[in-house]
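The values are calculated or read from the model by the stated rules, or taken from the named source; none is laboratory data. Note that the structure is a prediction, hence the values are computed from the model and not measured. Cβ atoms come from the backbone with ideal geometry, glycine included; neighbour counts cover every protein chain shown.
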Amino acid sequence: MSDRDRLRRTLLYVPGNMPGMLQNIPVFEADGVMIDLEDAVPLAEKDAARTLTASFLRTVRDRQREIFVRINALDTKYAEADLREVLPALPDGIRLPKADHPEVVERLDTRLTETEERLGLPIGTFTIIPSIESAVGILNVVETAAASRRIVALAFGAEDYTASMEIQRSKTGEELFNARSRVVWAAKAAGVQAIDSIFSDAGDMDGLRQETELVKRLGFTGKSLVNPRQIDVVHEVFRPKQQEIDEALEVMEAIARAREMGTGVISLRGRMVDAPVVKRAARTLKTAVAFGMIAYELTDEVIHGKE
Amino acid sequence: MARNSLGREVPELFHGRRYEPYRDPWSHQPQADRGTRPLVRRNPRESKVLGSLREAIEKAGLTSGMTISTHHHLRNGDVLLNRLVEELDAMGLRDMTIASSSVHPVHAAIIPAIRKGVVTRCETGVNGLIGELVSRGELDFPVIVRSHGGRARSIIGEDVTIDAAFIAAPCCDETGNLNGVSGPSACGSLGYAYTDARYARKVIAVTDHLVPYPAAPVSISQSDVDWVVTLDSLGDPQKIVSTTTRITRDPAGLLIARYATQVIEASGLLRDGFSFQTGSGGISLAVADNVRRRMKELGVKGSFGCGGITGYFVDMLEEGCFETLFDVQCFDIRAVQSIGRNPRHREISADLYANPFNRGTVVDRLDCVILGATEVDVDFNVNVNTESTGYLQHNTGGHCDTAAGAKLAIVVAPSMRGRLPIVRDRVTTVTTPGETIGVVVTERGIAVSDRHPDLKAELLRRRLPVKDIRQLHEEICAITGQPRPIEFTDDVVGLIEYRDGTIIDAIRRVRE
């Protein structure tokens with residue numbers, strides 16, 4: 001499975017300056033973790049957090065999940081040191097805050113390529129998740145999404161976005177509707193995933209569930225989280241229904257029959273099954289496998305057929 | 001010294017009495033009869049009410065070298081034991097034995113009397129400072145730690161003879177009918193005191209709430225009680241029951257609870273007739289809450305919940321998850337309220353609950369129990385008695401009783417506390433033998449005993465993080481490092497009795 005298609009329903013923030021929380025990274029069942037060097041870390045601890053994060057990444061090799069590092073914004077004096085210290089410890093990717101313009105992503109892309117060449121790593125080793133978190137960022141998101149092949153997902157940051165809009169964030173989120181839609185459009189158009197903002201009230205599970213259901217309907221594929229207790233609720237919302245799984249399995253069977261007959265299209269109970277339907281079914285099955293609901297081996301050949 | 005089947009060096013002779021080393025959980029069978037009490041004649045209109053504790057001590061005929069008991073339903077709010085020891089001292093009695101159902105931190109007040117020789121032997125486990133001082137060799141006070149079932153067995157089988165039992169009675173009448181459900185010191189179930197009431201040579205009810213005859217409901221009856229004494233107060237109600245017991249909010253604790261719930265489901269035990277026990281710790285309560293939700297989702301009608309009862313179990317009873325609660329001790333105020341009004345919330349004695357030598361206990365009917373641990377080792381042995389300091393700090397409770405009785409005993413514990421690993425090569429002290437533990441659940445993985453191969457296979461099939469317990473141990477120690485072992489001297493200061501009366505481990509003085 002390529003990096004692009006990995007499940008990223010839950011990306012959990014862990015402060016980079018808290019050893020007690022870092023040690024629990026392999027424990028929680030978030031699909032991915034974002035070790036934060038930016039907002040969660042006070043200025044006086046930026047150095048310590050970098051060192052600790054790099055040391056954690058070197059020590060804990062069996063991470064069992066994707067690990068991103070949220071560096072400080074590229075236009076701050078901390079970003080360069082963040083990258084210099086953390087990249088040699090091989091995180092899976094960088095969560096890039098304040099990706100207001102495509103140029104910001106391009107700059108990071110160049111910097112990552114330099115590091116990969118210096119370390120003798122394959123180009124493209126490090127992935128990028130740009131954070132779209134301002135009015136400007138929303139306006140430019142279509143270009144930003146296409147600015148680098150390293151991008152695996154776009155992340156929407158509602159807290160900074162509402163601040164830039166000089167409005168309050170509500171739990172029902174009407175004020176975010178347009179911005180969210182635009183991030184999802186850009187992500188889908190670029191063929192990458194869309195990760196919704198954090199839900200900051202870690203005690204309000206009902207509110208979290210409602211918001212997650214809303215963004216799932218909009219097309220988001222995952223959410224950033226501030227507390228491990230939120231993981232289960234988000235996974236539950238993204239858990240496929242048994243009926244969806246059954247239908248997806250039928251689709252895969254049907255397309256396999258079609259390919260045997262030398263065609264890429266087949267009718268299943270009056271509905272046409274072709275590449276996009278297969279792709280959606282594959283996504284459902286992949287999610288179901290991640291939940292342990294079914295055992296199913298999903299290869300590129302199953303999804304796309306033999307070359 | 002003998003080496004028991006778990007490889008522990010235990011004395012066969014301790015302060016003048018002989019003990020057998022532990023062999024296994026199932027086979028020890030002493031040849032003895034149940035104990036008896038002397039016949040007593042009471043004529044009509046003879047009053048049982050006495051003016052003071054001193055008068056009761058005199059009436060009971062207590063002399064130096066005898067044994068007294070109290071119960072621990074008032075927990076850290078109890079004042080009775082302290083008042084009694086004070087009175088024994090004032091009356092010049094010495095060399096007394098305490099055979100209470102437990103000793104709590106509040107009873108540190110008797111330490112001067114221990115030093116003075118008023119009380120010199122302890123036929124019960126202890127919580128708090130007394131245990132620490134015993135472990136450090138600063139108190140000469142040999143302690144025999146027993147489980148709830150083991151204590152009932154020791155009294156009924158006359159290993160321990162109680163000369164006078166002083167039963168704190170939250171509600172009592174002048175003939176000695178008493179209960180725990182009303183009055184300022186209401187504590188709910190009086191399960192631990194039943195055995196004392198039936199087998200002590202003399203029984204004195206001590207109450208701060210004397211009501212007109214008959215006190216109802218009757219937990220312990222007038223036919224067992226010799227005298228009644230009133231006190232201003234039995235204790236501090238704030239410390240008798242917690243107003244709330246709470247589910248943990250720690251994400252790692254919640255994860256452990258979720259794994260434990262998934263283990264229960266995978267075991268196949270969560271079906272109609274399910275019976276269940278948890279403690280009152282934050283993780284245990286989270287498991288109870290998850291199990292309750294799953295039972296409702298699956299439409300499972302359970303049979304009974306037992307043990308120390310919390311508000312969570314009361315909810316489960318009232319919502320139809322259980323037919324009955326068997327309550328040996330109320331952990332919180334909601335349990336106390338429930339036992340007073342709901343006939344399906346049954347008060348049971350520690351004997352019925354867990355004594356291995358009666359003709360059938362409630363724990364033997366348990367499907368599943370959730371247990372805590374201070375340490376667990378790679379043989380699944382569990383320690384709840386001694387802390388990382390090596391000091392004796394906690395009593396056993398029903399730990400080894402329920403582990404032996406339940407079809408599946410699940411230990412839930414964080415993989416580390418502070419900087420110390422919880423899974424060890426070898427526990428400091430064995431409370432509960434690994435032979436009776438099925439599964440150990442930590443946030444870093446689930447270890448399944450070889451005695452449950454089908455469960456292990458099912459957990460793997462469900463893609464739960466099953467790990468060999470040695471692998472789990474190594475993973476945890478890779479983070480914490482191996483702590484330096486505590487050093488002990490050869491002096492044995494206490495024994496850990498298994499529920500059947502054999503000696504599973506010894507407490508030794510810590511080398512400071």
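Scanning region A:1-31 for residues that are surrounded by 22 or more Cβ atoms within 10 Å (Cβ to Cβ), more than 14 Å from chain B (Cβ to nearest Cβ) and in contact (Cβ under 8 Å) with a residue 40 or more places away in the chain returns A:8, A:9, A:11, A:16.
Based on what the data block shows, is residue B:490 more than 14 Å from every other protein chain (Cβ to nearest Cβ) and closer than 21 Å to residue B:423 by Cα? No; evaluated as a whole, the condition is false for this residue. The listed residues are A:104, A:69, and the only one of them that is modelled with pLDDT of 95 or more and within 17 Å of residue A:35 (Cβ to Cβ) turns out to be A:69. In the set B:455, B:464, B:459, only one residue is in contact (Cβ under 8 Å) with a residue 24 or more places away in the chain, away from every other protein chain (no Cβ under 14 Å) and in contact with a helix residue (DSSP H, G or I) (Cβ under 8 Å, 6 or more places away or on another chain); that residue is B:455. Looking only at region B:243-272, which residues are in contact with a strand residue (DSSP E or B) (Cβ under 9 Å, 6 or more places away or on another chain), more than 14 Å from chain A (Cβ to nearest Cβ) and not aliphatic (A, V, I, L, M)? If the condition is that a residue be in contact with a strand residue (DSSP E or B) (Cβ under 9 Å, 6 or more places away or on another chain), more than 14 Å from chain A (Cβ to nearest Cβ) and not aliphatic (A, V, I, L, M), then B:243, B:244, B:245, B:267 are the ones that fit. For the residues A:49, A:89, A:99, A:54, the requirement of being aliphatic (A, V, I, L, M), away from chain B (no Cβ under 14 Å) and surrounded by fewer than 20 Cβ atoms within 10 Å (Cβ to Cβ) singles out A:89. What do you reckon, is residue B:249 farther than 30 Å from residue B:407 by Cβ and surrounded by fewer than 19 Cβ atoms within 10 Å (Cβ to Cβ)? Here the answer is yes, as residue B:249 does meet what is asked.
Kindly establish whether residue A:281 is over 26 Å from residue A:220 (Cα atoms) and either in a helix (DSSP H, G or I) or away from chain B (no Cβ under 14 Å) (or both).
Working: over 26 Å from residue A:220 (Cα atoms): no; either in a helix (DSSP H, G or I) or away from chain B (no Cβ under 14 Å) (or both): yes.
The answer is no for residue A:281.
One residue alone among A:234, A:215 is within 14 Å of chain B (Cβ to nearest Cβ), among the β-branched types (Val, Ile, Thr) and either buried (at least 20 other Cβ atoms within 10 Å of the Cβ) or in contact (Cβ under 8 Å) with a residue 40 or more places away in the chain (or both), and that residue is A:234.
With the structure loaded, tell me whether residue A:195 is touching a strand residue (DSSP E or B) at 6+ places or on another chain (Cβ under 9 Å) and within 14 Å of chain B (Cβ to nearest Cβ) or whether it fails that test.
For residue A:195, the condition - touching a strand residue (DSSP E or B) at 6+ places or on another chain (Cβ under 9 Å) and within 14 Å of chain B (Cβ to nearest Cβ) - is not met.
Taking the conditions (1) crowded, with 19+ Cβ neighbours inside 10 Å; (2) over 16 Å from the mean Cα position of the chain (by Cα); (3) without any contact (Cβ under 8 Å) to a residue 40 or more places away in the chain; (4) in a loop (DSSP other than H, G, I, E, B) in turn, residue A:208 satisfies each one other than (4). Looking at B:64, B:47, B:27, just one residue is over 30 Å from the mean Cα position of the chain (by Cα), exposed (fewer than 15 other Cβ atoms within 10 Å of the Cβ) and among the hydroxyl-bearing types (Ser, Thr, Tyr), and that residue is B:47. So is residue A:86 farther than 18 Å from residue A:137 by Cα, under 20 Å from the mean Cα position of the chain (by Cα) and part of a helix (DSSP H, G or I) or not? Answer is yes for this residue.
Each row is one residue, and each column tells you yes or no for (1) under 20 Å from the mean Cα position of the chain (by Cα); (2) without any contact (Cβ under 8 Å) to a residue 40 or more places away in the chain.
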| residue | (1), (2) |
| --- | --- |
| B:302 | no, yes |
| B:306 | yes, no |
| B:323 | no, yes |
| B:328 | yes, no |
| B:357 | yes, no |
| B:362 | yes, no |
| B:379 | no, no |
| B:384 | yes, no |
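For region A:251-272, filtering for residues that are among the small types (Gly, Ala, Ser) and within 19 Å of residue A:296 (Cβ to Cβ) leaves 3. When the helices (runs of 4 or more DSSP H) confined to region B:316-409 are screened for residues that are surrounded by fewer than 24 Cβ atoms within 10 Å (Cβ to Cβ) and out of contact with any strand residue (DSSP E or B) (no Cβ under 7 Å at 6 or more places or on another chain), those reaching at least 3 such residues are found at B:333-341. Suppose we filter region A:250-264 for residues that are touching a helix residue (DSSP H, G or I) at 6+ places or on another chain (Cβ under 7 Å) and either in a helix (DSSP H, G or I) or more than 12 Å from residue A:304 (Cα to Cα) (or both); how many remain? The number of residues fulfilling the criteria is 3.
Pick from B:232, B:236: which is away from every other protein chain (no Cβ under 14 Å), under 25 Å from the mean Cα position of the chain (by Cα) and within 30 Å of residue B:208 (Cβ to Cβ)?
Of the residues listed, the single one that is away from every other protein chain (no Cβ under 14 Å), under 25 Å from the mean Cα position of the chain (by Cα) and within 30 Å of residue B:208 (Cβ to Cβ) is B:236.
A search for C-beta distances below 8 Å between a residue of region A:267-278 that is among the polar types (S, T, N, Q) and any residue that is at pLDDT 85 or above and assigned to a strand (DSSP E or B), counting only pairs 6+ apart in sequence or on different chains, returns A:267/A:273.
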